[in-house]
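Undergrad: This is the structure I want to talk about, given as structure tokens.
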Amino acid sequence: MSTITAKWGASAPYIHSIMRMVAAFMFIQAGTMKLFAFPVGMPPSGGTAELFSLIGLAGALEVFGGALILIGAFTRPVAFILSGEMAVAYFMAHFPVSFWTVINGGQPAVLYCFIWLYISATGAGPWSIDTLMRRKNI
């Protein structure tokens, strides 16, 4: 194995952490759009969701669950819950329109569903609160 290949392979756990953080940051934005109309409001009117509605609950899960995943705290159970949320979102909102995600707009829901499912199985990676707590035996 070449030196560059070995070094690239050794960086996989850190790239895993970076992927988790980037995905969580993007996921949080979906929630802030629903709850705070930031950076833009929900289409078509640009407003926010009722907090005690299904979309409001989704926004809360996306903001607060996404923040926990971003810092890598309670990652496995939170990622599992968010994976389920995305599966529900797909089957409730997108699948009735069409099976094909390119037609029904469900690509983000399906991708996040499987990203969070993967993270729930593999954990947060080395750059996380979970790993820090495990090292300190807290």
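Bear in mind these aren't lab numbers, they're just calculated from the coordinates by the rules spelled out. Values in this document were obtained by computation on a predicted structure and should not be read as measured data. Reconstructed Cβ throughout: ideal geometry from the backbone, glycine too, with neighbour counts over all protein chains shown.
Undergrad: With each label point set 7 Å from Cα along the Cα-Cβ vector, what nm distance links ILE103 and VAL22?
TA: Output for this residue pair reads 3.1 nm.
Undergrad: Full-extension gain between ASN137 and GLU50, please, as 0.36 nm times their residue separation minus the C-alpha to C-alpha distance. List each step's numbers first, then the result.
TA: Working: separation 87, 0.36 × 87 = 31.32 nm, distance 4.09 nm.
The ASN137-GLU50 span can extend by a further 27.2 nm.
Undergrad: Something else about it: Report the one residue of MET133, PRO96, ILE4 whose Cα lies farthest in the direction of the positive end of the charge dipole of the chain (charges on C-beta: Lys and Arg +1, Asp and Glu -1; origin at the Cα centre).
TA: Looking along the dipole axis, the top candidate is ILE4.
Undergrad: Rounded to the nearest 500, what is the chain's calculated 222 nm mean residue ellipticity when only DSSP H runs of at least 4 contribute -39500 (n - 2.57) each, over all residues? The partial results should precede the final answer.
TA: Working: 8 runs with 88 residues, N = 138.
So the helix-based figure for the chain works out to -19500 deg cm²/dmol.
Undergrad: Something else: Rounded to the nearest 20 debye, what is the charge dipole size of the chain about its Cα centre when +1 sits on each Lys and Arg Cβ and -1 on each Asp and Glu Cβ? Don't skip to the answer; put the middle values down first.
TA: Numbers: 7 positive and 4 negative charges, 111 e Å.
In debye, rounded to 20, the chain gives about 540.
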